[in-house]
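Quick notes on the structure that follows.
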Amino acid sequence: MSTEGSNRAIVAALTANLGIAVAKFIAWAVSGSSSMLGEAVHSLADTGNQVLLLRGGRVSKKRANADHPFGFGRERYVYAFVVSIILFTVGGVFSLYEGVDKIQHPHPLENVWIPIVVLLIAMVLEGFSLRTAMRESNRVRGKDSWITFIRRAKAPELPVVLLEDVAALAGLVFAFLGVMLTIITGNGVWDAIGTICIGVLLVLVAIVLGIETKSLLVGEGASAGDTERIRDAINADSDVESLIHMKTLYLGPEELLVAAKVAFPTKMKLAEVAAAINSLEARVRAEVPIARIIYIEPDVYVAPGEGNPSTEAIIIRAAD
């Protein structure tokens, strides 16, 4: 459901941004508004970003091979990070440059009704795209706040589209105010200021996206809730003396790696340990279905101060 929902949100944003970009470029050509040019480049960058997100989703589905034994799930993180860079450079920096240039060389607007109409239509289309992204996000965010959802989401597409759409609507408001103030005052500086506001907004959004996707690229573990469920599932097994150590890692938005060192009774035979491990893997997957790759290392627990220090560990209990 996460992938399907992400794709619906991306396609909705792609369709809206492509049409908006064309309309904005036409409005800029006939009016000379720098705010319209900044917004047109912004929409063009967003259109390219959605194409990249769709591409990342497709590439991530490639089968694992000898060079990439854990598959290509993180391709989605790579493409999302590229999106943040494009939004920063093409969208934000260009708008800042264009705004500063127009402050230095202001000029009156022509055919002012055209950019106003285009901006109003763009607001409606961007609102539709944002509504779609919010509806699909609500399917997976649960009771989390929007900020928490954006920070903790393992599938990057929905947070990217959400932030892009919010930035787009805010940018349209800045552009509309810039154009209206230019019409009222006859001073083209207001149009330039609107463009600079758009640039600052895009840079800030790009920085937030970059930070969050970088964290996913570096490698994030399971959420606190999933970690607790995995730990409880292991500790609840009658054959397990203790969970000595455990680490988790997202290999992709929908694939979790679980590696655990588990203490079994010394009296158990090898075949019994193997059967117990298979049972543990099934139990963990039942509790956390995205835990698709599980490695369990059988061990004998040695209390601190007893035996080889390299084998010393702290038992991880459900009550901890």
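Structure values in brief
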{"item": "Residues whose placed amide H lies under 5 Å from that of S242, excluding near-sequence neighbours", "result": "A263"}
{"item": "Sequence of H68, H105, H42 once ranked by neighbouring C-beta atoms within 10 Å, starting from the fewest", "result": "H105, H68, H42"}
{"item": "Gain upon complete extension [I26, K214; 0.36 nm per residue less C-alpha separation]", "result": "64.0 nm"}
{"item": "Value at 222 nm in deg cm²/dmol, rounded to 500, when DSSP H runs of n ≥ 4 in the chain each add -39,500 (n - 2.57)", "result": "-22000 deg cm²/dmol"}
{"item": "Within-9-Å neighbourhood charge of I20 [Cβ basis; K, R +1; D, E -1]", "result": "-2"}
{"item": "29 Å Cα-Cα reach of K154 towards lysines, excluding residues that sit fewer than 8 places from it in its own chain", "result": "K61, K62, K143, K214, K247, K261"}
{"item": "Qualifying trypsin sites (Lys or Arg not before Pro) for the stretch 58-158 [loop in DSSP, other Cβ within 10 Å: at most 15]", "result": "K61, K62, R63, K143"}
{"item": "Net dipole in debye of the chain [+1 Lys, Arg Cβ; -1 Asp, Glu Cβ; about Cα centre; nearest 20]", "result": "500"}
{"item": "Enclosed volume per residue, in Å³, of the convex hull spanned by Cα atoms of the stretch 60-152", "result": "177"}
{"item": "Exposure proxy ranking, count of Cβ atoms within 10 Å, fewest first, for S242, S95, S33, S84", "result": "S242, S84, S95, S33"}
{"item": "Contact order relative to length of the stretch 121-176, as percent, for alpha carbon pairs under 8 angstrom and 6 or more apart", "result": "53"}
{"item": "Cα gyration tensor category, rounded, prolate or oblate, for the stretch 171-299 with a/c compared to 1.5", "result": "prolate"}
{"item": "Extension gain (nm, one decimal) between H68 and N278, 0.36 nm per residue minus Cα-Cα", "result": "73.1 nm"}
{"item": "Sequence of Y77, Y250, Y97 once ranked by neighbouring C-beta atoms within 10 Å, starting from the fewest", "result": "Y97, Y250, Y77"}
{"item": "Compactness of the chain, expressed as Rg and Dmax over alpha-carbon positions, Å", "result": "26.0, 89"}
{"item": "Contour excess over end-to-end distance, with Cα ends at Y97 and N187 and 0.36 nm allotted per residue", "result": "30.5 nm"}
{"item": "Percentage relative contact order, the chain, counting C-alpha pairs under 8 Å, at least six apart", "result": "19"}
{"item": "Positive-end residue of P159, A12, V208, charge dipole of the chain with Cβ unit charges", "result": "A12"}
{"item": "Estimated vicinal HN-Hα couplings, Hz - the stretch 192-205 in sequence order (Karplus 6.51, -1.76, 1.60; Gly, Pro = x)", "result": "5, 5, x, 5, 5, 4, 4, x, 4, 4, 5, 4, 4, 5"}
{"item": "Pairwise FRET efficiency - N7 versus H245, Cβ, R0 = 35 Å, nearest 0.05", "result": "0.40"}
{"item": "Rounded if a/c under 1.5, otherwise prolate or oblate - the stretch 118-234, Cα gyration tensor axes", "result": "prolate"}
{"item": "Cut-off 11 Å between beta-carbons: net charge of the residues surrounding L54, Lys and Arg +1, Asp and Glu -1", "result": "+2"}
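All of the numbers you see were taken from the coordinates with simple rules; none came from a lab. Since the model is a prediction, treat every value here as computed from it, not as a measurement. Using ideal geometry, Cβ is built from the backbone for each residue, glycine included, and neighbour counts are taken over all protein chains shown.
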